[in-house]
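S.K.: Sharing a structure below in structure tokens format, with a few things to ask.
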Amino acid sequence: MYDPAAGDGTLTAPYVLEYTYRRSLGPVIGRFLTGLRDGKIEGIRTPAGQVLVPPTEYDPHTGEPLTDFVEVGQSGVVTTWAWIAEPRPGQPLARPFAWALIRLDGADTALLHAVDAPGPEHMRSGMRVTVRWRAERVGGIGDIACFEPEPVR
Amino acid sequence: MSEPVRRIKAPVRLAFEINAGHALTGFLRAIAEGRFLGQRCVSCHKVYVPPRGVCPTCGLLLGEEVPVADTGTLTTFCTVNVPYEGQTMKLPYVYGSILLDGADIPFPHLVQGLPVPEVRMGLRLKAVWAPPAERKPTMESILWFSPTGEPDAPFASYQEHL
Amino acid sequence: MRDVAIVSFAQTPSLRRERDKDEVEMLAPLLGEVIERSGIPRKEIGFTVSGSSDYLTGRPFSFVIALDAVGAWPPIEESHVEMDGAFALHEAWVRLQHGDIDVALVYAFGKSSLGSLRDVLVTQLDPYYTAPLWPDAISLAALQARALLDAGLCTEREMAQIAARNRAKARQNPFAQLRGDFDVEALLASPYLVSPLRKHDCPPISDGAAAVVLAAGDRARKAVSRPAWIRGIDHRIEPHSLGVRDLCRSPSTTLAARKAGVLGASVDVAELHAPFSHQEVILRNALDLGPNVDINPSGGALAAHPMMVAGLLRLGEAASRILDGRAKRAVAHATSGPCLQQNLVCLMEGDP
């Protein structure tokens, strides 16, 4: 019997799981991401008058299908944020940045994205940020490269 | 630029370091040394190869290690004819469920060394090991199983293990 | 409603890395122990259900392999939830309501050490708008903590005090992973991990397993002297999008608590599944716990956090204090999803 006390330890092996998913979007998410590719941001309005950004297919309160798209602003307010000093692979920026929930002008809900600020001392809830578009856009949430602090007037 | 976006690429990549556990580690280290090691259930006394730590019918940790021969009987098998992603073997090839002499459950491995149409249930097989210098704690240390030339095992000798 | 009780509970130590045993080898002795402790023969178990996540091992159907530890022969009636074992317990409770069986076995297991848990958890997020940005679990919790601080509902000092208190209580728990006395000033002087969270505000990474036996009515009374009766159990879920939720509150916890009969009930003990320190504040508020409640005598999720098990541990730890007479009434809570998205609340009581 192998003896763990002998210090060998049980066998381990590296194992990488990789899947190349391609996901169909449907009319609502597809329209939002098409908008991003074309440099605009759209929300969807519920019968109660709330504008959801990003749009969802169904009203979160009633479950009814939603179809009423409305363009929203490309700037908005940070409702909460967090500073990540050591970004991880796949995240929007390779240098330290802030995660934020951002309520764009005209929207009633907040979008999760990154804010490229010089440091955490430049971040506070309530500040305004504006979108930085990626130069080449394909129709994905990454078409927004990140947000940046709006210059203070 | 007026075509609506219909799909996104959403790749997932996760890296793990998986661990073989206590029983399987013992088994694989023996494989690296060119031998098969089973483990016996303390309750039903079945010998499991490879041992997975626990007897699945009794739910008890397996007990004594039991050396098991590297010869055995082919129970059921399949012939792979259709190419697939990740394929390394040349088609067609046979993948069989092999009951080693002394074991109570079969395990899967390749069957080579005879024309594919001649592969049959009851075929007596022996492990063809990789050269000692190339053996590692992995099932690839056994290249495949090949016929021993013995007469086929009678169906009754393996019918409980299908 | 049938009276159903927890009649036994067992757990493995929570370890940063279980190097020797695989999941099956962790579970087999544990299940033997929990069944023996229940005093109920294995053959009386009418339903078995587990909670685990294949994503922790990177292998689909890994929970099926774990069935080896159960000894599923002759074939058993079995189920699985790709969730914390607390939700498996809920399913077992529902199953026992049918009245045709009296005993259920619930177990949960997970080895978070195999992969990078922070990143594995990204795969549970919305795949269109959120997951492609790879916001790891600590980043998302940090967004909630910041909202709570901004709202004046909590301070970083309180968060550090919560972390210190839980780990100090864990000194009494031989199964917990992070145990000891930590100085709050020293904790506050440490650097942020993802602000405003510091390392001490986050749960440890743990490998572990736990199991519970449930029994109904007279079968529970025959099995143990003080069954931990489940007087109410309920779970509710909020939308998955963080931007739609009020991150400072947990309405799903409050609603589940109301349905479970917890609000207004006075309890001796509350075991709260708060993996991040600020979440204990949110949950205390959501459950409207009085000042005299003993919160997380086990040390809670800040002391040991085997993913998929930590919620079942809360139910088991609460039950164990009723089983051995230390408590009369307890509330146990379990959570799932980022930032307390889904919450289960259970009210337990011992016989007078």
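S.K.: Taking amide H atoms as placed 1.01 Å from N in the peptide plane, list the residues 5 or more away in sequence, or in a different chain, whose amide H sits under 5 Å from that of B:VAL128.
M.R.: Those qualifying (amide H under 5 Å, at least 5 residues apart or on another chain) are B:LEU143, B:TRP144, B:PHE145, B:SER146.
S.K.: In whole Å, what are the extents of the range C:46-191 along the principal axes defined by its C-alpha atoms, from largest to smallest?
M.R.: 58, 44, 30
S.K.: Another question about this same structure. Kindly express, to the nearest 10 degrees and within the range 0 to 90, the angle between helix A:26-37's C-alpha long axis and the longest C-alpha principal axis of chain A.
M.R.: So the inclination is approximately 90 degrees.
S.K.: Report, in whole Å, the centroid distance computed from the Cα atoms of the range A:26-90 and the range C:105-126.
M.R.: 28 Å
S.K.: Karplus couplings for the range C:163-172 from phi (6.51 cos²θ - 1.76 cosθ + 1.60, θ = phi - 60°), rounded to Hz, Gly and Pro as x?
M.R.: 4, 5, 5, 4, 6, 6, 5, 5, 4, 7
S.K.: Pick out, from B:LEU62, B:HIS22, B:LEU99, the residue whose Cα sits farthest towards the positive end of the charge dipole of the range B:21-161, with +1 on the Cβ of Lys and Arg and -1 on the Cβ of Asp and Glu.
M.R.: Positive-end residue among those listed: B:HIS22.
S.K.: Charges at C-beta only: +1 for Lys and Arg, -1 for Asp and Glu. How large is the resulting dipole of the protein assembly as shown about its Cα centre, in Debye rounded to 20?
M.R.: The dipole of the protein assembly as shown has a size of about 680 debye.
S.K.: Which angle from 0 to 90°, rounded to the nearest 10, does the C-alpha axis of helix C:277-287 make with the longest principal axis of chain C?
M.R.: Value to nearest ten degrees: 60.
S.K.: Which ordering of C:TYR107, B:TYR158 is given by a fewest-first count of other beta-carbon atoms within 10 Å?
M.R.: If I rank by nearby Cβ atoms, fewest first, I get B:TYR158, C:TYR107.
S.K.: Shielding of A:128-141 by partners, i.e. mean partner chain Cβ atoms within 10 Å per residue?
M.R.: For this peptide, the per-residue mean of nearby foreign Cβ atoms is 2.
S.K.: Might you report the magnitude of the Cβ-based charge dipole of chain B about its Cα centre, with Lys and Arg at +1 and Asp and Glu at -1, to the nearest 20 debye?
M.R.: In total the dipole reaches around 540 debye.
S.K.: Write down the percent of antiparallel bridges among all DSSP beta bridges whose residues are both part of the protein assembly as shown, to the nearest 5.
M.R.: 85 percent
S.K.: Another question about this same structure. Tell me the angle of helix C:85-96 to the major Cα principal axis of chain C, expressed in degrees between 0 and 90 and rounded to the nearest ten.
M.R.: 30 degrees
S.K.: Taking Cα pairs under 8 Å and at least six residues apart, what relative contact order does chain B come out at, in percent?
M.R.: 20 percent
S.K.: Something else about it: Order by neighbour count: B:SER2, C:SER50, A:SER24, C:SER62, fewest other Cβ atoms within 10 Å first, most last.
M.R.: Ordered from fewest to most neighbouring Cβ atoms within 10 Å, B:SER2, C:SER50, A:SER24, C:SER62 come out as B:SER2, A:SER24, C:SER62, C:SER50.
S.K.: If you don't mind, there's one more thing I want to ask. Quote the charge dipole size of the range A:24-149 about the Cα centre in Debye, to the nearest 20; the model charges only the Cβ of Lys and Arg (+1) and of Asp and Glu (-1).
M.R.: For this selection, approximately 340 debye.
S.K.: Test of understanding: what is the full-extension gain from A:HIS61 to A:ARG128, defined as 0.36 nm times their sequence separation minus their Cα-Cα distance?
M.R.: The span from A:HIS61 to A:ARG128 would gain 21.3 nm if fully extended.
S.K.: Right, something else. Taking Cα pairs under 8 Å and at least six residues apart, what relative contact order does chain C come out at, in percent?
M.R.: Relative contact order comes out at 26 percent.
S.K.: What is the percent of Cα-Cα separations in chain C that go past 39 Å?
M.R.: 9 percent
S.K.: Given a Förster radius of 60 Å and the C-beta distance between A:ARG95 and B:LYS126 as r, what FRET efficiency does 1/(1 + (r/R0)^6) yield to the nearest 0.05?
M.R.: 0.50
S.K.: Quick one: if the Förster radius is 51 Å, what FRET efficiency do A:THR12 and A:GLU71 give, using the C-beta to C-beta distance and rounding to 0.05?
M.R.: Efficiency, from the Cβ-Cβ distance: 0.45.
S.K.: Within 10 Å of each residue's Cβ, count the other Cβ atoms and sort A:TYR15, A:TYR21 from fewest upward.
M.R.: Fewest-to-most ranking of A:TYR15, A:TYR21: A:TYR21, A:TYR15.
S.K.: While we're looking at this one, here's another question. Note down the net charge around B:ARG135, summing +1 for each Lys or Arg and -1 for each Asp or Glu among other residues with Cβ under 14 Å from its Cβ.
M.R.: For residues surrounding B:ARG135, the net value is -1.
S.K.: Here's something else I'd like to know. Report, in whole Å, the centroid distance computed from the Cα atoms of the range C:176-220 and the range B:120-162.
M.R.: 49 Å
S.K.: Sticking with this structure for a sec: Report, to one decimal in Å, the Kirkwood hydrodynamic radius for the protein assembly as shown based on all distinct Cα pairs.
M.R.: Radius from the Kirkwood sum: 27.5 Å.
S.K.: Collect residues whose amide H, placed 1.01 Å from N in the peptide plane, falls under 5 Å from the amide H of B:VAL54; neighbours closer than 5 in sequence don't count.
M.R.: Close amide H contacts, sequence-distant or interchain: B:LEU62.
S.K.: How many partner chain Cβ atoms sit within 10 Å of a residue's Cβ in peptide A:109-116, on average, as a whole number?
M.R.: For this peptide, the per-residue mean of nearby foreign Cβ atoms is 5.
S.K.: Treating the Cα atoms of the range A:24-149 as identical point scatterers in vacuum, please give the log10 of the normalised Debye intensity I(q)/I(0) at q = 0.09, 0.23 Å⁻¹, two decimals.
M.R.: -0.26, -1.31
S.K.: Could I ask something else about it? In sequence order, what are the phi-derived ³J(HN,Hα) couplings for the range C:120-130 according to the Karplus relation 6.51 cos²θ - 1.76 cosθ + 1.60 with θ = phi - 60°, rounded to whole Hz, with x for glycine and proline?
M.R.: 4, 5, 4, 6, 8, 8, 3, x, 9, 9, 10
S.K.: Further question on the same structure: For chain B, restrict the atom set to alpha-carbon positions and state the Rg and Dmax in Å.
M.R.: Considering chain B through its Cα atoms, Rg and Dmax are 19.7, 71 Å.
S.K.: Something else about it: Can you compute the helix-only [θ] at 222 nm over chain B? Use -39500 (n - 2.57) per DSSP H run of at least 4 residues, normalise by all residues, nearest 500 deg cm²/dmol.
M.R.: Taking each H run of at least 4 residues, the total per residue is -2500 deg cm²/dmol.
S.K.: Shifting gears a bit: Measure out, as a whole number of angstrom, how far apart the alpha-carbon centroids of the range A:121-153 and the range C:26-79 sit.
M.R.: 49 Å
S.K.: What nm distance separates the two modelled labels at C:ALA189 and B:GLU64, each placed 7 Å from Cα along Cα→Cβ?
M.R.: Here the answer is 6.1 nm between the modelled labels.
S.K.: For peptide C:119-132, how many partner chain Cβ atoms fall within 10 Å of a residue's Cβ, on average?
M.R.: Average neighbour count from other chains, rounded to a whole number: 5.
S.K.: Now for a different question. With both bridge residues required to lie in chain C, what share of the DSSP beta bridges run antiparallel, to the nearest 5%?
M.R.: For chain C, the DSSP antiparallel bridge percentage is about 70.
Bear in mind that the values in this text are calculations on the coordinates, not laboratory data. Because the structure is predicted, anything quoted here is derived from the model rather than measured. Glycine also receives a Cβ, built like all others from the backbone with ideal geometry; neighbour counts cover every protein chain displayed.
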